[in-house]
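Presented below is the structure to which this report refers.
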Amino acid sequence: MNENYKIIGRSVPRMDGVEKVTGSAKYTSDLKFPNMLYGKILTSPHAHARILSIDTSEAEKLPGVKAVITHRDVPDLKYGISPARWDENIFCIDKVRFVGDKVAAVACLDEDTCYRALRLIRVVYEELPAVLDFLHAMDEGQPLVHDEYKRNINTEIHQKFGDVDKALAEAYHVRTDAFKGQRTYQAPIEPHSAISMWDGKKLTIYSSTQTPHYFQHYIAREFSMPMGDVRIIKPYLGGGFGGKLEPTGLEFGGAVLAKITGRPVRMFYDRAEMFAHNRGRHAQYMEITTGVDRDGKILAAKANFIMDGGAYTSLGIATAYYAGALLPLTYEFDNYQFDMHRVYTNLPACGAQRGHGAPQPKYAFESHLDNVAKDLGIDPMDIRIRNARRPNTVTPNDFGVNSCEMKQCLERVRVISDWDKKKKNHRHGRGIGVATGSFVSGAGYPIYRTDLPHAAAFIKVYEDGSAATLYTGAADIGQGSDTILCQMAAEAMGYRFEQMKIVSGDTETTPHDFGAYASRQTLMSGAAVKEAGEEVRKQILEMASEMLTLPAEDLDCSEGIIFSKSMKDKTLTFEEAARRHFVVKGPLLGKGAYTPPKLGGKFKGAAVGTSPAYSFGAQVGEVEIDKETGEITVIGIWDVHDCGKVINPRLLHGQVHGALSMGVGESVWEEVLFDDKGRVRNPELGNYRILTALDMPPVYSEVIDDSYEPSGPWGVKEVGEGATNPTMGCFSNAIFDAMGVRVNSLPLSYEKVWRALKEKREREEAEKK
């Protein structure tokens, strides 16, 4: 491995930093166009109801209203992001399935008129019984959310690897525990927004999307248009975390309103509407059974889950498979069984949220593993090190793991957290817990079936060589991908980072890329960028070879200087060679593309969870519990990650801090609550409590320095989602260590801890009597 890198591995400033901190960055809702109208969607007030009639006549008469549309004005083709379950319409046709379901939309001269118009639309409903408890959605006699899906089963999974029953029968110790995970929401700071406009047959949408290509593909499909007639532009984006993966009523409805009026239409969700649209984390019931030998070596594991999908599929099929598929990654065992039912309910649809399907099952498994360790009298750190996955292994469900420093992560976090000393000097009310996590570095297969490469890029060098522009369909959603991709381009070219420019997230001007999801862009988009940069480098060295009359093999380029490897006085600037190239050969361009190898097994669902590489990490959390109130004070978090070569250390550790912020919030505070009518009770940031900077505990973040992934450009892997996966488990275990009580449902709220302590005291008092 050549570590003599000049650009990658450095904490260069973010390319968009100045614009963001000065307020000059323009997000979708900041954009204005001549004659622009404003649009809003009328949503259902009922969790489940039949639509008997819709009367828009009074709304149409209101001054300032330019268009009113219902299901009669839009295609009736069902859509969704998961092709196996297209089950959603632009507007409801016969019935509504959750509070917030889309019924109609208006386009008006201003926002106030939109709200007045919505109040004038008369919809007559016949209320129907609703399914609000996912644990009973499959019961006999429950109403069906979708008539074609019996017992409300959206997705059913049964996978078995090895001889699970035999391994459990021969195990020294077998234990079963059950846990419950809550609904949470991504809560990005920027609300969803879209501005649609037509130029003849060409549709352009500015959208707060994290996947411009998927928006282009699905919008073109819905309106039966060639993809070339749909342009998606992603302006600056204020966070996505999985919630902006798929087109919404804003894009579909806005496109129709813009077509009817012949004017641009801006549509947006307010905060409550964001919670109703949702696509956040599923609630889950998780039963885990594990059999171990007397030393704690895992022999077999069984996972039996039920998942609350809400009213529509969204990306939930993949979520359901991910929930079980990623569980065997951090520990080695041969026998594994996974059973899952994802059910429909009359609640907002769930989808992909940071860590996609994995954080809650990891919470359950890691809490369960601590219980097993306690049963056997083994230190929780020791049982994990004993079972830690090694490099160049294969999981029971056929995931090939190349690089893996799981054991090293555990050993290092043990040292930096002072684990052994704190365990030795344990005092009641103070506890320390550990958990592991892993995640894909890009999904092995795209969301819909296609043979397109997963990423492509090209680089154009200016005529005088004074700058180079990287063109990529990758999406910077706040994580800094524009910056690190330009670092990669400059490194591959032998160019200066300061002279790089980027055009990204525009389906018209940039080559195809699947966008920001599944932690894919550093490895996959980066591989395409590296190839494009190396093509530029090859051409520039060939041109310099002619200019210096030296063999191209004797030349190299670094930070904009071309030099001879054998003759130190022979140099040339990148600019000189680039200008000569343009004069003699024309534009200096480099292109690259990336397609992963064929991955995974041949069983049903084998593709979900496959990846060219997996990150690994270990976290320790330390807490102090007030036994009178149950209040949890987080003393510190220690994270050690195996994430391959680090392109930008500052951005990497920023991703870890962000992941931990979301993980701590979901561990202790966050939960979307509903009343008995299916209405969200806390659809605003005043009552849906996310961590603020003042709540954030001290974080100690390290990486394994010699981690190298052979399938990634320069050895890179992911970190942004994998760092979320251990957090809930490590806090559950820290609370268990502090007070000797286990809270088996998320969030691990102060009230739940207080009640568990109260029940413990009552049991102890009863035993004394």
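The values are calculated or read from the model by the stated rules, or taken from the named source; none is laboratory data. Everything numeric here is computed off the predicted structure, so don't read it as measured data. Don't worry about glycine lacking a Cβ; one is built from the backbone with ideal geometry, like all the others, and counts go over all protein chains shown. The area values use the complete protein model at the heavy-atom level, side chains included, leaving out ligands, DNA and RNA. Shrake-Rupley method; radii C 1.70, N 1.55, O 1.52, S 1.80 Å.
For Phe161, the conditions (1) aromatic (Phe, Trp, Tyr); (2) closer than 15 Å to His341 by Cβ; (3) surrounded by 17 or more Cβ atoms within 10 Å (Cβ to Cβ) are fulfilled apart from (2). The residues of segment 175-221 that are aliphatic (A, V, I, L, M) and farther than 18 Å from Ile81 by Cβ, listed by number, are Ala178, Ala187, Ile189, Ile195, Met197, Leu203. When the residues of segment 223-262 are narrowed to those that are surrounded by fewer than 18 Cβ atoms within 10 Å (Cβ to Cβ) and small (Gly, Ala, Ser), which ends up nearest to Arg354 (Cα to Cα)? That would be Gly239. Out of Ala107, Ala84, one residue alone is surrounded by 21 or more Cβ atoms within 10 Å (Cβ to Cβ) and either within 28 Å of Glu156 (Cβ to Cβ) or of a type in the set (Gly, Ala, Ser) (or both). It is Ala107.
Scanning segment 613-645 for residues that are in contact with a Lys or Arg (Cβ under 6 Å, 6 or more places away or on another chain) and open to solvent by 40 Å² or more (accessible area, probe 1.4 Å) gives a single hit, Glu624. Tallying residues that are touching a residue at least 40 places away in the same chain (Cβ under 8 Å) and surrounded by fewer than 21 Cβ atoms within 10 Å (Cβ to Cβ) within segment 375-386 yields 6.
Scanning segment 1-58 for residues that are open to solvent by 50 Å² or more (accessible area, probe 1.4 Å), charged (D, E, K, R) and part of a strand (DSSP E or B) returns Arg50, Asp55.
Is it the case that some residue within segment 429-441 is open to solvent by 10 Å² or more (accessible area, probe 1.4 Å) and either of a type in the set (A, V, I, L, M) or assigned to a loop (DSSP other than H, G, I, E, B) (or both)? Taking every residue of segment 429-441 in turn, none turns out to be open to solvent by 10 Å² or more (accessible area, probe 1.4 Å) and either of a type in the set (A, V, I, L, M) or assigned to a loop (DSSP other than H, G, I, E, B) (or both). Among residues of segment 408-429 that are under 18 Å from Val699 (Cα atoms) and at pLDDT 95 or above, those with a Cβ under 7 angstrom from a residue that is surrounded by fewer than 20 Cβ atoms within 10 Å (Cβ to Cβ) and of a type in the set (Ser, Thr, Tyr), sequence gap 6+ or separate chain, pair up as Ile416/Tyr700. Go through (1) open to solvent by 10 Å² or more (accessible area, probe 1.4 Å); (2) farther than 21 Å from Pro391 by Cα one by one and return the number of the condition Asp334 breaks. Every listed condition holds for Asp334 apart from (2). So which residues in segment 687-707 are open to solvent by 30 Å² or more (accessible area, probe 1.4 Å) and assigned to a loop (DSSP other than H, G, I, E, B)? Correct list: Asn687, Arg689, Ile690, Thr692, Ala693, Leu694, Asp695, Met696, Pro698, Asp705, Asp706. Annotation: of all residues in segment 646-656 being assigned to a helix (DSSP H, G or I) and of a type outside the set (Gly, Ala, Ser), the one that is surrounded by the fewest Cβ atoms within 10 Å (Cβ to Cβ) is Pro649. Among residues of segment 489-505 being open to solvent by less than 20 Å² (accessible area, probe 1.4 Å) and within 30 Å of Gly228 (Cα to Cα), the one that is farthest from the chain's Cα centre (by Cα) is Met500. Gly442 satisfies every condition listed in (1) within 30 Å of the chain's Cα centre (by Cα); (2) free of Cβ contacts under 8 Å to residues at least 60 places away in the same chain except (2). Considering segment 387-407 alone, what residues qualify as being under 26 Å from the mean Cα position of the chain (by Cα), crowded, with 16+ Cβ neighbours inside 10 Å and polar (S, T, N, Q)? Those that are under 26 Å from the mean Cα position of the chain (by Cα), crowded, with 16+ Cβ neighbours inside 10 Å and polar (S, T, N, Q): Thr395, Asn397, Asn402, Ser403. The selection criterion, being in contact (Cβ under 8 Å) with a residue 40 or more places away in the chain, open to solvent by less than 10 Å² (accessible area, probe 1.4 Å), in a loop (DSSP other than H, G, I, E, B) and farther than 30 Å from Ala311 by Cα, does not hold for Leu369. Just so you know, in segment 74-111 the residues that are more than 30 Å from Val131 (Cβ to Cβ) and among the acidic types (Asp, Glu) include one that is nearest to the chain's Cα centre (by Cα), and it is Glu111.
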